[in-house]
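A quick write-up on the structure given underneath.
Just so you know, all these numbers are worked out from the coordinates, no wet-lab data involved. Note that this is a predicted model, so its numbers are computed, not measured. Here Cβ is always computed from backbone atoms with ideal geometry, including for glycine, and neighbour counts include all displayed protein chains.
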Amino acid sequence: MTVSDAYSPPLFSIAPMMGWTDNHYRTLARLITKHAWLYTEMLAAETIVYQEDNLDSFLAYSPDQHPIVLQIGGRNLENLAKATRLANAYGYDEINFNCGCPSPKVSGRGCFGALLMLDPKFVGEAMSVIASNTNAAVTVKCRIGVDDHDSYNELCDFIHIVSSLSPTKHFIIHSRKALLSGLSPSDNRRIPPLKYEFFFALLRDFPDLKFTINGGINSVVEADAALRSGAHGVMLGRAVYYNPWHTLGHVDTVIYGSPSSGITRRQVLEKYQVYGESVLGKYGKGRPNLRDIVRPLINLFHSESGNGQWKRRTDAALLHCTTLKSFLDEVLPAIPDFVLDSFAFKEATGREDLFADVRRLLPPPYGKESSKALERMPTRPVILDEEE
């Protein structure tokens, strides 16, 4: 039994987003949903290793954030092994390896992220190294392809090789390929076409593995549609950041079938204020500052009465407020009481038929001849540090 077995299954998870899914945002998200799986921002293994004396500021989180997944990236096996061991003290429920980030900082100079999909043998080795240094489950997040390496069989080769060489049995699939030159990370989230048919074909061709779908899903209604169509899990990103209340507020009831918590945004802010005051400046040199702590709150009243004034007051208040209490005292009058004290009503927006025709578009099955992909891969030694 893994630690993650103690929690609801990862039917719904919040994507790791650089600069966004920090400890502050995850604290807010957990106040709204008790069951969604939370992911950290991607942390390079080198960062964890080189910041060994300052790990709390990168890896610490409150116990109520469980279930929580640490996403790491990197290409050096020694650093991946050491970073995993250092993270063990923090008790993450899973460790996820990033094979999907198209950022030039990662796939270019860093030589990891989505670029690793072109080296599945290494990814399999890396996952074995990570798994051998932790008791947590290990997973991979990837794209459906990279540049011109975007055929369904190439995706299957990647899945087959990684799962054959390591204990990895769960893949989070962003259903767009990555274009590593000519497109920014934001363009890579919208310009390459979504190919949901590749994802659902993986369910058919790898029945012993688990797959979570990611990309282009913007509401709990659409997440539920994916699950009803056979996905083992659904991951949402920007939608839950830009509209946290009207997405996360429905996860527990719609996805997990749990009773509504009955929490209001006024109560969420009261709890978040306690958290914010406790961490303000905690790590020295003014880190985190008030702006860091307030940032996850900006979209809490998305599309509600008073939202525009709330955002204008926020900009002004951050110029002079020094505590979260003083900030909230100044900006909250912009929001009517009926908004502050209302519950998350049942969500009715979203494309319930998003995956209705996907089975008709499935590519041909991954042939048995493709199972020889592992034999075609060159053998490379796994290099570990002396402690191994």
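Numbers below:
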| read-out | value |
| --- | --- |
| nm² value of the averaged projected area, convex hull over the Cα atoms of the chain | 19.6 |
| Whole-Å semi-axes of the ellipsoid equivalent to the range 265-340 (Cα gyration tensor, √5λ, descending) | 22, 13, 10 |
| 0 to 90° range, to nearest 10: angle between helix 307-317 axis and the chain longest Cα axis | 80 |
| Assigned charges on the beta-carbon of Lys, Arg, Asp, Glu; the range 136-239 dipole about Cα centre (debye) | 340 |
| Order by protection proxy (mean Cβ within 10 Å, highest first), peptides 160-168, 214-222 | 214-222, 160-168 |
| Check: the chain dipole with +1 on Lys, Arg Cβ and -1 on Asp, Glu Cβ, in debye | 680 |
| For the range 265-340, size of Cβ-based charge dipole, Lys and Arg +1, Asp and Glu -1, in debye | 300 |
| R228 paired with E352, simple spin-label distance in nm, labels 7 Å along Cα-to-beta-carbon | 0.6 |
| Dipole of the chain [Lys/Arg +1, Asp/Glu -1 at C-beta], most positive-end residue of M17, N243, G262 | N243 |
| Label point distance in nm, M18-R287, each placed 7 Å from Cα along Cα→Cβ | 1.7 |
| Taking the C-alpha atoms of the range 194-253, convex hull volume expressed per residue in Å³ | 76 |
| Dipole axis of the range 1-93 (+1 Lys, Arg; -1 Asp, Glu on Cβ), positive-most option in T47, F58, G73 | G73 |
| Positive-end residue of G124, A83, G306, charge dipole of the chain with Cβ unit charges | G306 |
| Relative contact order, percent, the chain [alpha-carbon distance under 8 Å, six or more residues apart] | 17 |
| Projected label distance in nm at N88 and D53, using a 7 Å step from Cα toward the beta-carbon | 2.4 |
| Estimated FRET transfer efficiency when R0 is 45 angstrom, pair R360-S186 (beta carbons, to 0.05) | 0.90 |
| Highest-first arrangement of 313-321, 266-274, where packing means the average Cβ count within 10 Å | 266-274, 313-321 |
| MRE, 222 nm, helices only [DSSP H, n ≥ 4, -39500 (n - 2.57), over the chain, to nearest 500] | -10000 deg cm²/dmol |
